[in-house]
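Shown next, in structure tokens, is the structure this report addresses.
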Amino acid sequence: EPEVTQTPSHQVTQMGQEVILRCVPISNHLYFYWYRQILGQKVEFLVSFYNNEISEKSEIFDDQFSVERPDGSNFTLKIRSTKLEDSAMYFCASIIGKGMNTEAFFGQGTRLTVV
Amino acid sequence: AQTVTQSQPEMSVQEAETVTLSCTYDTSESDYYLFWYKQPPSRQMILVIRQEAYKQQNATENRFSVNFQKAAKSFSLKISDSQLGDAAMYFCAYRTYNNNDMRFGAGTRLTVKP
């Protein structure tokens, strides 16, 4: 069964460093998302991406964040100059297209720890 | 902006009993979709059940069913014959048709007691 894969599963970084979280969405999917979940808290929308550009972003997704689909398969989230409060689980999701049967498939998440 | 509210941070149920998780949402859209996702300790989000807003009939998926009240903007999840494996965080989610933006509620942690 096709699945969304995320690497690494756990990333530890020093405050102020840049990190890149990687996601490989399901190959024929067209819409891509990043969400984050601070431990024990709600799942928060960060950004959606379609047709090689950001289609929507939340207030959390400030200039510190960027997304890219560099090679047609990977979908990356870059966090520049990480802060302690960026520590969270980051989930990537993809959807094949619009409409009801377009279930969002989630990756297993990347746990980011900023120390 | 669409908001999703889950007013029950924690719920518990006895094995084999029935439990209902509440969800309300706020939207000005007429076409949208509602979902319940389960997040077990493994942390991966798993789709449990989904509902199209234009359908009056409540969705059912084996032991899982919803009570969708469009006018009240309510979308509760009923789990019948609860099993130990149902223990997880449950997230209610809303997604518009047009922009595929999906928003989640804060989650309800369900404990199943043997």
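The values are calculated or read from the model by the stated rules, or taken from the named source; none is laboratory data. All values reported here derive from a predicted model rather than from experimental measurement. Glycine gets a Cβ as well: all are built from the backbone with ideal geometry, and neighbour counts include every protein chain shown. Calculation scope for accessible area: heavy atoms of the full protein, side chains included, ligands and nucleic acids excluded. Shrake-Rupley method; radii C 1.70, N 1.55, O 1.52, S 1.80 Å.
In region B:70-109, the residue that is farthest from the other protein chains (Cβ to nearest Cβ) out of those that are farther than 18 Å from B:Leu34 by Cβ and not small (Gly, Ala, Ser) is B:Asp81. Of the numbered criteria (1) loosely packed, with under 12 Cβ neighbours inside 10 Å; (2) under 24 Å from A:Ala93 (Cα atoms); (3) touching a Phe, Trp or Tyr at 6+ places or on another chain (Cβ under 9 Å), the one B:Pro41 fails is (3). The residue of region A:22-39 that is farthest from the chain's Cα centre (by Cα), among those that are at the interface with chain B (Cβ under 9 Å from one of its Cβ atoms) and closer than 14 Å to A:Asp86 by Cα, is A:Gln37.
Quick check, is A:Val47 open to solvent by 80 Å² or more (accessible area, probe 1.4 Å) and assigned to a strand (DSSP E or B)? Lay out the reasoning, then the answer.
Working: open to solvent by 80 Å² or more (accessible area, probe 1.4 Å): no; assigned to a strand (DSSP E or B): yes.
So A:Val47 does not fit the description; no.
Give me the residue from region B:85-98 that is part of a strand (DSSP E or B) and at pLDDT 90 or above and, out of that set, surrounded by the fewest Cβ atoms within 10 Å (Cβ to Cβ). So that I can check it myself, show each step before the final result.
Initially, region B:85-98 is screened for residues part of a strand (DSSP E or B), giving B:88-96.
Next cut, at pLDDT 90 or above only: B:88-94.
Working: B:Ala88: 20, B:Met89: 22, B:Tyr90: 23, B:Phe91: 24, B:Cys92: 26, B:Ala93: 23, B:Tyr94: 24.
Ranking the candidates gives B:Ala88 first.
Residues that are more than 16 Å from A:Ala93 (Cβ to Cβ) and among the polar types (S, T, N, Q), at least 1 per element: which strands (runs of 3 or more DSSP E) completely within region A:1-43 meet that?
A:10-13
All of B:Ser22, B:Ser30, B:Ser82, B:Ser76 fail the test of being surrounded by fewer than 16 Cβ atoms within 10 Å (Cβ to Cβ) and either hydroxyl-bearing (Ser, Thr, Tyr) or under 10 Å from the mean Cα position of the chain (by Cα) (or both), apart from B:Ser30. Scanning region B:11-69 for residues that are under 16 Å from B:Ala88 (Cα atoms) and at the interface with chain A (Cβ under 10 Å from one of its Cβ atoms) returns B:Phe35, B:Tyr37, B:Gln39, B:Ser42, B:Arg43, B:Gln44, B:Met45, B:Ile46, B:Leu47.
Which of the residues spanning region A:32-44 are open to solvent by 60 Å² or more (accessible area, probe 1.4 Å) and closer than 18 Å to A:Pro8 by Cα? Answer for region A:32-44, where residues must be open to solvent by 60 Å² or more (accessible area, probe 1.4 Å) and closer than 18 Å to A:Pro8 by Cα: just A:Leu39.
The one condition from (1) open to solvent by 70 Å² or more (accessible area, probe 1.4 Å); (2) farther than 23 Å from B:Phe35 by Cα; (3) β-branched (Val, Ile, Thr) that A:Ile79 does not meet is (1). Checking each residue of region A:88-103 against the condition of being within 24 Å of B:Gln39 (Cβ to Cβ), modelled with pLDDT of 95 or more and not hydrophobic (A, V, I, L, M, F, W, C) gives at least one match. Scanning region A:52-70 for residues that are farther than 15 Å from A:Ile20 by Cα, more than 12 Å from chain B (Cβ to nearest Cβ) and open to solvent by 90 Å² or more (accessible area, probe 1.4 Å) turns up A:Asn52, A:Glu53.
Quick one: is A:Glu3 under 30 Å from B:Lys55 (Cβ atoms) and either touching a helix residue (DSSP H, G or I) at 6+ places or on another chain (Cβ under 8 Å) or in contact (Cβ under 8 Å) with a residue 24 or more places away in the chain (or both)? Steps first, please.
Values: under 30 Å from B:Lys55 (Cβ atoms): yes; either touching a helix residue (DSSP H, G or I) at 6+ places or on another chain (Cβ under 8 Å) or in contact (Cβ under 8 Å) with a residue 24 or more places away in the chain (or both): yes.
It is true that A:Glu3 is under 30 Å from B:Lys55 (Cβ atoms) and either touching a helix residue (DSSP H, G or I) at 6+ places or on another chain (Cβ under 8 Å) or in contact (Cβ under 8 Å) with a residue 24 or more places away in the chain (or both).
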